Amino acid sequence: QVQLVESGGGLVQAGGSLRLSCAASGSIFSIEAMGWYRQSPGNQRELVAGITRGGSTNYADSVKGRFTISRDNAKNTVYLQMNSLKPEDTAVYYCNANRVFTTRWTYVDCWGQGTQVTVSS
């Protein structure tokens with residue numbers, strides 16, 4: 001069984017910064033890709049940023065230049081550094097681990113429980 005545990009959310013003023021962390025635990029052989037999604041009330045869950053095992057990254061246009069995703073493969077952990085936060089960044093942020101290989105041949109996809117990020121104006 002694989003679990004993702006997120007931390008680092010909270011309340012911050014516009015222009016401030018937060019750093020989210022997500023650690024995967026359990027029987028893990030390797031993780032192909034990890035990422036952060038967010039969902040605000042009345043909206044669909046959207047991709048914020050993703051990173052492959054090799055370090056290739058992609059970002060939503062709305063966060064480019066402000067957010068930075070990184071990962072520590074040895075710790076099975078992904079981070080999201082969020083700078084210059086705006087009120088429209090307010091959402092529940094979810095960690096995702098895609099193709100978590102629990103053996104050499106089998107994998108699962110996992111989601112964290114979500115962490116609230118609130119940016120006040």
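The values are calculated or read from the model by the stated rules, or taken from the named source; none is laboratory data. Keep in mind that this is a model prediction, so the values were computed, not measured. Please note: Cβ atoms are built from the backbone with ideal geometry, for glycine as well, and neighbour counts cover all protein chains shown. Ligands, DNA and RNA are excluded from the accessible area calculation, which covers all protein heavy atoms including side chains. Shrake-Rupley method; radii C 1.70, N 1.55, O 1.52, S 1.80 Å.
If you roll a 1.4 Å probe over the heavy atoms of the protein chains, what accessible area per residue do you get for region 8-82, in Å²? Working shown, then result.
On the way: 3840 Å² over 75 residues.
Value returned for region 8-82: 51 Å² of accessible area per residue.
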HN-Hα J couplings of region 82-92 from phi, Karplus 6.51/-1.76/1.60, θ = phi - 60°, integer Hz, Gly and Pro as x? 10, 10, 6, 5, 10, x, 6, 7, 4, 4, 8
Provide the gained length on full extension for the span residue 29 to residue 75, in nm with one decimal, where the gain is 0.36 nm per separating residue minus the Cα-Cα distance. 15.4 nm
Size descriptor, Kirkwood hydrodynamic radius, that averages inverse alpha-carbon separations across the chain, Å: 14.4
Cys in the chain lacking any partner Cβ under 4.7 Å -> 110
Skipping prolines and chain starts, which residues have an amide H placed within reach, meaning under 5 Å, of the one on residue 90, given they are 5 or more residues away or on another chain? 119
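What is the percent carbon and sulfur in the accessible area of the chain, measuring with a 1.4 Å probe over the protein chains and ignoring ligands? Please report the intermediate quantities before stating the final value.
Numbers: 2950 of 6420 Å².
Here it works out to 46 percent.
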